[in-house]
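Participant: Provided herewith is a single structure, encoded as structure tokens, for subsequent inquiry.
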Amino acid sequence: MSHPSPPPLGAGRIVAQSFGLLLAKFSTVFPMAFVPALALSLLNRAAWPAAPMAEGGEAAMPAVPSFGALMLGSLSMVLSYFVVGVLCLVALDAVIGKTHSVGQYARQAARHLLPIAVLGIVISVLAGLGFALLIVPGLYVVARFLPWVEAVVFENSGWRGLGRAQELTEGYRWQLAGAVLLMGVVIVGLAMLAGSALYAVENNFALSVLVESFVSAIYYALFAIFTALVYARLREVKEGVSVEQIAASIG
């Protein structure tokens, strides 16, 4: 007996909605992304300072990172996932036209900081290994666990966040992999444009940090909106839960 096909996810529509929501709610979402992006940019520069110039104007070989630099780099990665956790709360509020205070968003994400930190490192390692194996396995890993942050912050899934994400993405992983690839292409294009701007101001510390932070904020906001919309759509098609019901947990 054949099983009925699952309802379509509409992954391409979710990608388009992500950009539309970012533009429509830019004044709300962007400032909440820019401030932590600025802090993370400064932290990253402390962890990975630019290589000094060698004789002849060429960049010297970078030194082996110290233990302290590795720890700062790990802290930066953990904080990046925390920022995504805060912004996905902001994103679903924006969908239904509601707002909470920055403190309410931060407190809800902070309650889950430890699982976000540990699971974020696990996902980063798994995705990194997958992308090292000709990209496709990495896309599949990202798609398989895509809404794990949302599962943690909206459902209090804690250490079950990865398992809960797998439950939600089952049957839709290759569709999500395609959506992730499309988002990746767009983000790489934006990064290339940003690279030109960074090159133009590379000798000005303040301007280079501001440009880098601006680009990072766009990435954080876009990624958080995208994963929040994916999570909401999966809850809708699999469990009949509306965005309003999901967002009711915020606060």
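The values are calculated or read from the model by the stated rules, or taken from the named source; none is laboratory data. Since the structure is predicted, the reported quantities are computational estimates derived from the model, not experimental observations. In this analysis, Cβ positions are derived from the backbone assuming ideal geometry, glycine residues included, and neighbour counts consider all displayed protein chains. Surface areas here come from the heavy atoms of the whole protein model, side chains and all, with no ligands, DNA or RNA. Shrake-Rupley method; radii C 1.70, N 1.55, O 1.52, S 1.80 Å.
Participant: Which percent of the accessible heavy-atom area of the chain goes to carbon and sulfur, probe 1.4 angstrom?
Facilitator: Details: 8930 of 12920 Å².
Percent of accessible area from carbon and sulfur atoms in the chain: 69.
Participant: Treat every Asp and Glu Cβ in segment 132-194 as -1 and every Lys and Arg Cβ as +1, leave all other atoms uncharged, and give the resulting dipole magnitude about the Cα centre to the nearest 20 debye. Before the final figure, lay out the partial values.
Facilitator: Working: 4 positive and 4 negative charges, 23 e Å.
About 100 debye.
Participant: Hey, of (i) 31.5, 93; (ii) 19.0, 73; (iii) 17.1, 55, which did the structure itself give for Rg and Dmax of the Cα atoms in Å when calculated?
Facilitator: It is the value labelled (ii).
Participant: Right, something else. Quick one: 3J(HN,Hα) in Hz for segment 80-88, Karplus 6.51/-1.76/1.60 with θ = phi - 60°, rounded, Gly and Pro as x.
Facilitator: Listing the rounded values in order: 4, 5, 4, 4, 4, x, 5, 5, 5 Hz.
Participant: Turning to a different aspect of this structure: What are the ³J(HN,Hα) values, in whole Hz, obtained from phi via the Karplus relation 6.51 cos²θ - 1.76 cosθ + 1.60 with θ = phi - 60°, for each residue of segment 174-181 in sequence order, with x given for Gly and Pro?
Facilitator: Those phi angles translate into 6, 4, 5, 4, x, 5, 4, 4 Hz.
Participant: Could I ask something else about it? Leaving out ligands and nucleic acids, note down the accessible area per residue over the chain with a 1.4 angstrom probe, in whole Å².
Facilitator: Value for the chain: 51 Å² per residue.
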